[in-house]
Amino acid sequence: MAVVYISLGANIGDKRNNMITAVALLSERVGSILALSDLYETTPWGFVSENNFLNAALMMETTLSPYEILALTQEIERDMGRSQKSEGEYHDRVIDIDILMYDDWVIDTPLLTLPHPLMHQRSFVLGPLSEIAHTCIHPVLNRSIGELYLALPTNNSQANS
């Protein structure tokens, strides 16, 4: 069994329900949920929108490979109505599911990069992740998630929902 950390975000539609649905589908298709953070309301990162996000992180146990998880998370996004992935340009979304870390694996391929290459720069990722994996060590930066979160210059994670 492997431990995988996943980030969730939604900023259009019924955001809270979208998050609940995504968690349920991940539980059905990927593996057992070991921990789930609170929901965090955050401002958009990388683009301008009037719609704030709800973000969360979860820790799962799975027998699937990172590539199988990637295929399933993309399928879940499509099933929930997400029509396009961000290809260098961010936009509003019904749901966004990102694999953050898979055990202590380091993968760098055109299809998948683990740990997630921007996670250490994003308070909307590190805030929820720190709640459930504060002492977990980032396998490339060799610092705990809690340390990375506290090292961010600004914290755009606002009130928990």
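The values are calculated or read from the model by the stated rules, or taken from the named source; none is laboratory data. Being a predicted model, the structure only gives us computed values, none of them experimental. Cβ: placed from backbone, ideal geometry, glycine included. Neighbour counts: every protein chain shown. Accessible surface is based on the protein model in full, side chains and every heavy atom, while ligands, DNA and RNA are left aside. Shrake-Rupley method; radii C 1.70, N 1.55, O 1.52, S 1.80 Å.
If I ask for residues that are closer than 15 Å to Asp98 by Cα and either open to solvent by 70 Å² or more (accessible area, probe 1.4 Å) or among the acidic types (Asp, Glu) (or both), which ones from the stretch 118-152 would you list? Of everything in the stretch 118-152, just one residue is closer than 15 Å to Asp98 by Cα and either open to solvent by 70 Å² or more (accessible area, probe 1.4 Å) or among the acidic types (Asp, Glu) (or both), namely Gln121.
Kindly indicate whether Ser65 is surrounded by fewer than 17 Cβ atoms within 10 Å (Cβ to Cβ), among the polar types (S, T, N, Q) and on the phi < 0 side of the Ramachandran plot. Considered against the rule, which asks whether it is surrounded by fewer than 17 Cβ atoms within 10 Å (Cβ to Cβ), among the polar types (S, T, N, Q) and on the phi < 0 side of the Ramachandran plot, Ser65 comes out as yes. Here is a check on your reading of the model: is Glu41 over 23 Å from Thr113 (Cα atoms) and surrounded by fewer than 18 Cβ atoms within 10 Å (Cβ to Cβ)? It is true that Glu41 is over 23 Å from Thr113 (Cα atoms) and surrounded by fewer than 18 Cβ atoms within 10 Å (Cβ to Cβ). Any chance the stretch 67-79 includes a residue that's in contact with a strand residue (DSSP E or B) (Cβ under 9 Å, 6 or more places away or on another chain) and of a type in the set (Lys, Arg)? No. Collect the residues in the stretch 6-38 that are of a type in the set (Ser, Thr, Tyr) and open to solvent by less than 20 Å² (accessible area, probe 1.4 Å), keeping them in residue-number order. Hits for the stretch 6-38 are Ser7, Ser37.
Of all residues in the stretch 34-49, none that is more than 13 Å from Ile6 (Cα to Cα) and among the small types (Gly, Ala, Ser) has its Cβ atom under 6 Å from the Cβ atom of a residue that is open to solvent by 30 Å² or more (accessible area, probe 1.4 Å) and modelled with pLDDT of 95 or more, 6 or more apart or on another chain.
Within the stretch 70-88, the set of residues being out of contact with any helix residue (DSSP H, G or I) (no Cβ under 6 Å at 6 or more places or on another chain) and modelled with pLDDT of 90 or more comprises Leu70, Ala71, Thr73, Gln74, Glu75, Glu77, Arg78, Asp79, Met80.
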